[in-house]
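The values are calculated or read from the model by the stated rules, or taken from the named source; none is laboratory data. The model shown is predicted, which means the values in this text are computed figures rather than measured ones. FYI the Cβ positions are ideal-geometry reconstructions off the backbone, even for glycines, and counts take in every protein chain you see.
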């Protein structure tokens, strides 16, 4: 399964823009780090790496709303 790199913009609504695709995590991770250094990440912009079967699945995973886990005594 490939690794996809996406630019995720949260405001005014969530938008996903595929930047590239890699077969190996190390290459995808290095490219994402390079892009983060060269990109203005203000205004709710994120660069994310997603492991998925295809682009559609990657975008579905990135679009899911994840609830924050409650803080427990073990987190301190």
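The residues on offer are 67, 31, 27, 59, and the sole one that is in a helix (DSSP H, G or I) and within 17 Å of residue 10 (Cβ to Cβ) is 59. Filtered by the rule that a residue be under 11 Å from the mean Cα position of the chain (by Cα) and either surrounded by 15 or more Cβ atoms within 10 Å (Cβ to Cβ) or more than 11 Å from residue 50 (Cα to Cα) (or both), the range 1-27 gives 3, 4, 5, 6, 7, 8, 9, 16, 17, 19.
Can you confirm whether residue 40 is at pLDDT 95 or above and part of a loop (DSSP other than H, G, I, E, B)? Reasoning before the result, please.
Numbers: at pLDDT 95 or above: no; part of a loop (DSSP other than H, G, I, E, B): yes.
Taking the combined requirement at face value, the residue does not satisfy it.
Considering only residues in the range 37-54 that are over 16 Å from residue 25 (Cα atoms) and touching a strand residue (DSSP E or B) at 6+ places or on another chain (Cβ under 9 Å), the one that is surrounded by the most Cβ atoms within 10 Å (Cβ to Cβ) turns out to be 45.
Considering the range 55-69 alone, what residues qualify as being without any contact (Cβ under 8 Å) to a residue 24 or more places away in the chain, touching a strand residue (DSSP E or B) at 6+ places or on another chain (Cβ under 8 Å) and within 14 Å of residue 1 (Cα to Cα)?
Selection gives nothing.
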